[in-house]
Amino acid sequence: GENVEQHPSTLSVQEGDSAVIKCTYSDSASNYFPWYKQELGKRPQLIIDIRSNVGEKKDQRIAVTLNKTAKHFSLHITETQPEDSAVYFCAARGSGNTPLVFGKGTRLSVIA
Amino acid sequence: GAGVSQSPRYKVAKRGQDVALRCDPISGHVSLFWYQQALGQGPEFLTYFQNEAQLDKSGLPSDRFFAERPEGSVSTLKIQRTQQEDSAVYLCASSLAGGDEQYFGPGTRLTVT
């Protein structure tokens, strides 16, 4: 089955700097890659996703890139703000009725 | 519009008790998923419904875990004879169709003492 590795497990950046979180997946049939943000004690929130037919997607300060050949995808947050501090999870999903498989998460701290 | 809701938000059970956790998906969402999230970990898949049909229950950790969605809307996850290792947050998610764009509920934090 699918296996998703995520790193780093923790990341501290200064406010205004960029943050990059990387994930690799094992199943070449996976074709959907969402990113979730989870604040302490709250639900995971879908912040951006990408499908395998595109290589990059942007939404304001966040972007995701996908390299299908290397089987890795990354989340980029620019101009970080203290409210970006949270745990971020990547996930991968194949076609059909396959479930989302999540990475172990990255705790991002943005220092003011 | 209303998001996914779950109840109760917190549940404390003595070892051996049965518990029932409820999920109300977003109205019109065909697909419903249950996940288990241990402290400091990512959500792990338990089971998946499309309407009232349970299409995948491969993630349920034992036969003590049972889920249903009899009318294709509200779902209940039942855990029988709870054990300490069942302590976790149980998350429900729904999507319009299939498994893309899943929206999560706030979760039920289960503590088994």
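The values are calculated or read from the model by the stated rules, or taken from the named source; none is laboratory data. As the structure is a prediction and not an experimental result, all values here were calculated from the model. In this analysis, Cβ positions are derived from the backbone assuming ideal geometry, glycine residues included, and neighbour counts consider all displayed protein chains. For the accessible areas, the whole protein counts, side chains as well, though only heavy atoms, and no ligand, DNA or RNA atoms are used. Shrake-Rupley method; radii C 1.70, N 1.55, O 1.52, S 1.80 Å.
A few notes on this one:
- Qualifying positions in segment B:85-98 - within 12 Å of another protein chain (Cβ to nearest Cβ) and surrounded by fewer than 23 Cβ atoms within 10 Å (Cβ to Cβ): B:V89, B:S95, B:A97, B:G98
- All conditions but one from (1) at pLDDT 95 or above; (2) small (G, A, S); (3) over 16 Å from B:L110 (Cα atoms) apply to B:G28; the one that does not is (1).
- Tally of residues being within 26 Å of A:G41 (Cα to Cα) and more than 11 Å from chain A (Cβ to nearest Cβ) across segment B:40-55: 0
- Summed over segment B:81-101, the residues that are at pLDDT 95 or above, touching a strand residue (DSSP E or B) at 6+ places or on another chain (Cβ under 7 Å) and assigned to a loop (DSSP other than H, G, I, E, B) give a count of 3.
- Residue match in segment A:65-83 (condition: within 14 Å of chain B (Cβ to nearest Cβ), touching a residue at least 60 places away in the same chain (Cβ under 8 Å), open to solvent by less than 40 Å² (accessible area, probe 1.4 Å) and of a type outside the set (K, R)): no
- Count of segment A:38-64 residues which are charged (D, E, K, R), open to solvent by 30 Å² or more (accessible area, probe 1.4 Å) and in contact with a Phe, Trp or Tyr (Cβ under 8 Å, 6 or more places away or on another chain): 2
- The set of residues in segment B:62-75 being surrounded by 14 or more Cβ atoms within 10 Å (Cβ to Cβ), at pLDDT 95 or above and more than 14 Å from every other protein chain (Cβ to nearest Cβ) consists of B:R64, B:F65, B:F66, B:E68, B:R69, B:S73, B:V74, B:S75.
- Residues (farther than 11 Å from B:V74 by Cβ, outside any loop (DSSP other than H, G, I, E, B) and either open to solvent by 90 Å² or more (accessible area, probe 1.4 Å) or among the basic types (K, R) (or both)) located in segment B:8-28: B:Y10, B:K11, B:V12
- Taken together, the residues in segment B:29-45 that are part of a strand (DSSP E or B), open to solvent by less than 50 Å² (accessible area, probe 1.4 Å) and free of Cβ contacts under 8 Å to residues at least 40 places away in the same chain amount to 1.
- In the set (1) surrounded by 15 or more Cβ atoms within 10 Å (Cβ to Cβ); (2) more than 21 Å from A:E39 (Cα to Cα); (3) among the hydroxyl-bearing types (S, T, Y); (4) within 11 Å of chain A (Cβ to nearest Cβ), the condition left unmet by B:S58 is number (1).
- Qualifying positions in segment A:84-105 - at pLDDT below 95 and either touching a helix residue (DSSP H, G or I) at 6+ places or on another chain (Cβ under 9 Å) or open to solvent by 40 Å² or more (accessible area, probe 1.4 Å) (or both): A:S95, A:G96, A:N97, A:T98
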